[in-house]
Amino acid sequence: MPNQSHFYQPNQGHGLKHDPFNALIAPRPIGWISSKSSEGVLNLAPYSFFNAFNYHPPIIGFASIGYKDTVENIQQTGEFCWNLVSASLVDKMNLTSAALPRNESEFESAGLTLGQSKVIDVPHVALSPAVFECRKSQIIQLTGANGELVDTWMVLGEVVGVHIDTAFIDDGVYNTAAAEPVLRGGGAGDYFSITAAQKFTINRPQ
């Protein structure tokens, strides 16, 4: 017997208490993006629409709803960092989601120590277990199926430098669960974490 289905067309409303779109595509890694304006002002902001898109060269990307400071900074300088959000940093990450004047840095307001990047000129979160230094590859304004422009900007960057805390490398393998990454779920403030107990392995068919 097939499952009963709640069907809706997004342009006509979802009929639920909260839009389920974010919750269905979840949990998602958080794009905690550090950038620097052409005037040298640092910015740090979390994005819930983030992921990896290519192996060689490694390309990651995030989407910004609205042309925010992060997008403008990357457009100007061509550089940014992705900072992994661990359980120990989640409260600091949440602080950086506050709207600040353009001339104020979230690093300062959240009390975060700057980490010196090696390839690019944008600093990162020093206590983050893993960091990607990135150079801009594309910034794309999204369009709907009807071809009309949407006020959302997709930023893609090539990873040109990787920092990994050696405490999370076991016998040459990065231990995902040990770093306690925090993932974004749905709802107004739902997050998830990963533990070793949740791990299972499936090998691809030959």
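Nothing in this text is a laboratory measurement; each read-out follows from the coordinates by a stated rule. All of these numbers come straight from a predicted model, not from anything done at the bench. Glycine also receives a Cβ, built like all others from the backbone with ideal geometry; neighbour counts cover every protein chain displayed.
Worth pointing out:
- Taken as Cα centroids, region 101-132 and region 173-194 sit 20 Å apart, rounded to the nearest whole angstrom.
- Label-to-label distance, L149 versus A196, with points set 7 angstrom from Cα along the beta-carbon direction: 5.1 nm.
- Since only L100, T70, S38 are under comparison, the one whose Cα sits farthest along the positive direction of the charge dipole of region 20-108, derived from C-beta charges on Lys, Arg, Asp and Glu, is T70.
- Only beta bridges with both residues in region 27-194 are counted; by DSSP, about 100 percent of them are antiparallel.
- GNM result for the chain, Cα springs below 10 Å: residue of A167, A63, A145 fluctuating most strongly: A145
- Percent of C-alpha pairs per 5 Å bin, region 1-98, short to long: 2, 10, 17, 18, 17, 13, 9, 7, 4, 2, 1, 0, 0
- Per-bin percent of Cα-Cα distances, the chain [5 Å]: 1, 7, 13, 17, 20, 16, 11, 8, 5, 2, 1, 0, 0
- In this rough spin-label picture, where each label sits 7 Å from Cα along the Cβ direction, the I164-Y55 distance is 1.6 nm.
- Expressed as a fraction of 2.2 N^0.38 Å, the C-alpha radius of gyration for region 87-179 is 1.36.
- Residues whose amide H comes within less than 5 Å of that of L127, counting only those at least five positions distant or on another chain, are T113 (H built at 1.01 Å from N in the peptide plane).
- Relative contact order of the chain, pairs being alpha-carbon contacts under 8 Å that are 6 or more residues apart, as %: 23
- GNM result for the chain, Cα springs below 10 Å: residue of V41, V160, V150 fluctuating most strongly: V150
- Under a Gaussian network description of the chain, with springs only between Cα atoms under 10 Å, the residue in V125, V159, V173 that fluctuates furthest is V173.
- Under 16 Å between alpha carbons - lysine pairs in the chain that sit 8 or more apart or on different chains: 4
- Think of each Lys and Arg Cβ as +1 and each Asp and Glu Cβ as -1; about the Cα centre, that makes the dipole of region 27-194 roughly 180 debye.
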